[in-house]
1. Please go through the range B:110-148 and pick out each residue that is touching a helix residue (DSSP H, G or I) at 6+ places or on another chain (Cβ under 6 Å) and over 25 Å from B:F84 (Cβ atoms).
2. Go through the range A:44-80 and give me each residue that's among the aliphatic types (A, V, I, L, M) and more than 7 Å from chain B (Cβ to nearest Cβ).
3. Filtering the range B:124-162 down to residues that are in a helix (DSSP H, G or I) and β-branched (V, I, T), which residue is surrounded by the fewest Cβ atoms within 10 Å (Cβ to Cβ)?
4. Out of B:V97, B:V78, B:V67, I need the residue that is in contact (Cβ under 8 Å) with a residue 12 or more places away in the chain, outside any helix (DSSP H, G or I), touching a helix residue (DSSP H, G or I) at 6+ places or on another chain (Cβ under 8 Å) and closer than 26 Å to A:P40 by Cβ. Which one?
5. Of the residues B:R91, B:R80, which single one is facing chain A (nearest Cβ under 10 Å) and farther than 18 Å from A:A85 by Cα?
Amino acid sequence: MDQIVEYLLAALLVIGGLFAIVGSFGLLKLPTMMQRLHAPTKATTVGVGSALIASMSYFWYFEGTLSWHELMITLFLFLTAPITANFIAKAQLHRAINKEDLPPTGVGKEWATYDPEVTAVSPVLLNDRDPG
Amino acid sequence: MRRLFPHPLLSLLLFATWMLLVNQIKIGSLVMALILAIIIPKLTAPYWPNRPPLKRVPAFAAYVLLVMWDIVRANVEVARIVLFMRNENIRSGWLAVPIDLKTPEAITILAGTITMTPGTVTSDMSSCGRVLLIHALHAPDPDSIVQDIKTRYEARLKRIFE
């Protein structure tokens, strides 16, 4: 039984490693910045995820302790990955991408990055703030 | 009770997070978790004037599971494109997805979900907040991606938040 579990955990680690390497390979291979953004935001979540599952199961099965830190790492990863991706995309919109290349919004307003009315700080927040 | 915990779900989440971080149940860490669960919602309340009602907690749990499954699928999908498709054949493109959601928190979750799931990254939104700009890694059929986002994620979030 111990050996089967060991093989399973080893398989998880290998799968995780493969996905991490694919994510890094995507960074090298894909030609444009926006395409490169896809590889690390996704291909690596499963890479890290399965390594964490392996770690959790190892300590649970062999040491008899349930470790929750791995769950927390997963949670923080899922919270931060989209935000980082959004920041990088936004920087790209400002620096390297022309407004004309984007599809129209279709509602008569600009995309927020190019709209002169949108300032660095959200106007809604400014309005809510107490003047005193 | 209401004054001590103006935002019960956030307090509960902070409490659980701290306990999981400490990784052991001791009286000291329980007290610390309680202190954080009281102080942090109070300190952050000015930045978060309208608390979104989370109407259906079980539906939200189901949504989280669905998204996790989709993340695994997305990983395999992106790995397949990276490994086995020639760069010339990858048809990337921008999509404009009109959204019906009104709650800012729901839109944030939708945008995050789109970034984490098959071949799409949320890049921007229109200044009125009614359209999302999405970059798709490989989109031979853009309309089906937009339909997928609307039926699979947005409809569920609408039921949960609005």
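Nothing in this text is a laboratory measurement; each read-out follows from the coordinates by a stated rule. Given the structure is predicted, the values throughout are model-derived calculations rather than measurements. We place every Cβ from the backbone using ideal geometry, glycine too, and count neighbours over all the protein chains shown.
1. Selection gives B:L110, B:G112, B:T113, B:T122, B:S123, B:D124, B:M125, B:S127.
2. Across the range A:44-80, the qualifying residues are A:V48, A:A51, A:L52, A:I53, A:A54, A:M56, A:L66, A:I73, A:L75, A:L77, A:L79.
3. Residues of the range B:124-162 in a helix (DSSP H, G or I): B:142-161.
When the remaining residues are screened for being β-branched (V, I, T), the result is B:145-146, B:149, B:151, B:160.
Values: B:I145: 21, B:V146: 19, B:I149: 23, B:T151: 10, B:I160: 22.
Per the stated criteria, the residue is B:T151.
4. It is B:V97.
5. B:R80
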